Amino acid sequence: MTVDNNPIKQRLQITFGKFDALIYTSNLDVAKLWERVLRRADLPILYSEGFNPRPRIQLASALPLGISSECEVLDVALREQIQLDGLAERILAKSPAGLKIFDIREVPIRHPALQSLIRSAEYRIHFEDEIDLVLLRQAVENVLKVETLEYQRERKGSTVNVNIRPLIQDLYVDEAGDLIAHLAVGEQGNLRPDEILQTMKLDDKTVSVHRLRIHFANL
């Protein structure tokens with residue numbers, strides 16, 4: 001007879017969005033918020049063992065403050081199996097304003113950690129004030145045509161030049177005049193929307209940024 005000693009009995013991935021005032025909630029606080037929401041929704045969350053038990057939940061990627069999103073993913077380990085029918089409504093009933101759920105799915109218990117699978121993310125950068133689209137498209141062309149694009153970052157108290165060009169997978173202006181940026185995220189490197197704006201000398205513009213989708217390996 002085979003004995004199942006794995007404490008994880010079910011694993012869920014919740015695709016959710018951050019909107020309104022929730023976009024100013026830090027990544028750490030979003031994780032705490034999810035713990036409260038799931039407990040209030042009476043989900044059998046699995047906790048780690050030891051002196052300071054922590055919920056076995058994990059966000060796929062940190063989202064910078066001030067950015068809205070429709071594609072964040074939360075990995076949740078449960079100590080008991082539950083039905084998915086009506087689960088989104090059950091969770092939303094205990095959720096704060098600005099939190100939306102788009103999908104809940106079950107994944108294999110031994111599925112790789114989300115943070116090891118994330119590769120890139122796409123952002124829509126909307127300029128709140130009028131902007132010259134001809135100059136914007138020219139700035140995009142100037143970025144894409146070079147092989148080296150240096151950006152200064154602070155590392156351990158010193159400033160270093162980093163070539164961020166390999167971290168830009170795509171960059172274009174859509175029909176609405178928004179800048180769409182497909183940027184590397186994860187273990188291979190990270191590039192934030194504000195960094196690409198600074199590189200393009202557009203950091204003086206008032207913008208709103210929305211994460212459209214996250215790309216994972218083998219998903």
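Here are the numbers for this structure:
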{"item": "Region 60-72 - phi-based ³J(HN,Hα) in whole Hz, Karplus 6.51/-1.76/1.60, Gly and Pro as x", "result": "5, 7, 5, 10, x, 4, x, 9, 7, 7, 10, 9, 5"}
{"item": "At 1.306 mPa s and 10 °C, Stokes D of the chain from Kirkwood alpha-carbon radius, µm² per second", "result": "82 µm²/s"}
{"item": "Computed Rg/Rh of region 119-216, alpha carbon atoms with Kirkwood Rh", "result": "0.96"}
{"item": "Residues with amide H under 5 Å from that of residue 71, placed H, sequence gap 5 or more", "result": "18"}
{"item": "Sites matching GluC sites (Glu not before Pro) across region 175-216 that sit in DSSP coil, with at most 13 neighbouring C-beta atoms within 10 Å", "result": "175, 187"}
{"item": "Angle between the chain longest axis and helix 27-40 axis [Cα atoms, degrees, rounded to 10]", "result": "30 degrees"}
{"item": "Region 10-111: radius of gyration over Cα atoms, expressed as a fraction of 2.2 N^0.38 Å", "result": "1.03"}
{"item": "Packing rank of 204-214, 106-116, where each peptide gets the mean count of other beta carbons within 10 Å, highest leading", "result": "204-214, 106-116"}
{"item": "For region 1-63 and region 104-155, distance of Cα centres in Å", "result": "26 Å"}
{"item": "For the chain, calculated [θ]222 nm from helices alone, where every DSSP H run of n ≥ 4 adds -39500 (n - 2.57)", "result": "-5500 deg cm²/dmol"}
{"item": "Relative contact order of the chain, pairs being alpha-carbon contacts under 8 Å that are 6 or more residues apart, as %", "result": "26 percent"}
{"item": "Total formal charge among the other residues, if their Cβ is under 10 angstrom from that of residue 107, Lys/Arg +1 and Asp/Glu -1", "result": "+1"}
{"item": "Charge dipole magnitude, Cβ of K and R +1, D and E -1 - region 1-111, Cα centre, debye nearest 20", "result": "240 debye"}
{"item": "Charge sum, other residues only, whose C-beta stays under 13 Å from residue 138's C-beta, Lys/Arg counted +1 and Asp/Glu -1", "result": "+1"}
{"item": "Nearest-ten-degree value, helix 133-144 long axis tilted from longest Cα axis of the chain", "result": "70 degrees"}
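Read-outs throughout are calculated quantities, based only on the coordinates presented, and are distinct from any laboratory measurement. Since this is a predicted model, take the numbers as computed values, not measurements. Cβ: placed from backbone, ideal geometry, glycine included. Neighbour counts: every protein chain shown.
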